[in-house]
Amino acid sequence: MGAPGVGDNELVAQVVAQQDAGAFGELVRRHQSQVRNFLRKLTRDYVLADDLAQDAFLHAWNKLHTFQGKGTFIGWLLKVAYTTFLQSKRKSSRYAEILDEVGHDPSSTKVEESNEISDLDKFLAVLTEEERAVMILSYACGLSHREIGDAASLPIGTVKSIIFRGKEKIRESFDIEDHKYG
């Protein structure tokens with residue numbers, strides 16, 4: 001079983017070589033809150049985010065042999081989570097199209113949203129889905145531009161541009177001055 005003092009790459013090797021569920025459990029324990037928080041900020045829906053996190057870890061178990069140790073394990077895992085999110089979004093939009101075709105009004109079954117929305121959620125709400133994902137990976141998850149590029153399948157220059165545009169969009173939307181120090 002994976003010991004807490006063992007690094008992620010060693011645990012991955014144990015899982016791949018021996019199908020060691022204990023080692024995988026340790027990886028889940030280490031990274032589940034970061035994956036869930038990423039998905040919660042991305043979806044703005046705690047229940048959906050938790051479901052997607054479970055799906056992402058299941059995908060990670062099945063695809064762990066594809067992790068080659070380039071970059072960090074959490075960067076790879078967040079890419080799996082982001083891909084899981086995108087797949088879910090595609091499925092739900094197809095489902096909504098089908099409901100629309102048969103004349104179902106999805107707003108009639110919509111759950112009342114919470115009035116408690118954090119400032120961060122308000123800031124993220126003005127961004128596109130891609131901008132939101134990149135900003136969360138950068139600021140909430142602490143990934144480098146290269147790791148974000150790997151996770152979101154974007155060139156590093158595009159990642160930098162998205163971060164710059166996202167910050168500008170937030171500043172403009174909320175009339176926040178950019179204080180430059182020099």
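Descriptive notes on the structure:
Conditions (1) assigned by TED's automatic domain parsing to the domain that holds GLN87; (2) over 23 Å from the mean Cα position of the chain (by Cα); (3) crowded, with 18+ Cβ neighbours inside 10 Å; (4) not in a helix (DSSP H, G or I), marked per residue:
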position	(1), (2), (3), (4)
GLY142	no, no, no, yes
GLY149	no, no, yes, no
GLY157	no, no, no, no
LYS160	no, no, no, no
ARG165	no, no, no, no
LYS169	no, no, no, no
GLU172	no, yes, no, no
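- Residue match in region 20-28 (condition: under 17 Å from the mean Cα position of the chain (by Cα) and without any contact (Cβ under 8 Å) to a residue 60 or more places away in the chain): yes
- Some residue of region 120-127 being small (Gly, Ala, Ser), modelled with pLDDT of 85 or more and closer than 23 Å to LYS63 by Cβ: no
The values are calculated or read from the model by the stated rules, or taken from the named source; none is laboratory data. Keep in mind it's a predicted model, so treat the numbers as computed, not measured. Note that each Cβ is placed from the backbone with ideal geometry, even for glycine, and that neighbours are counted across all protein chains shown.
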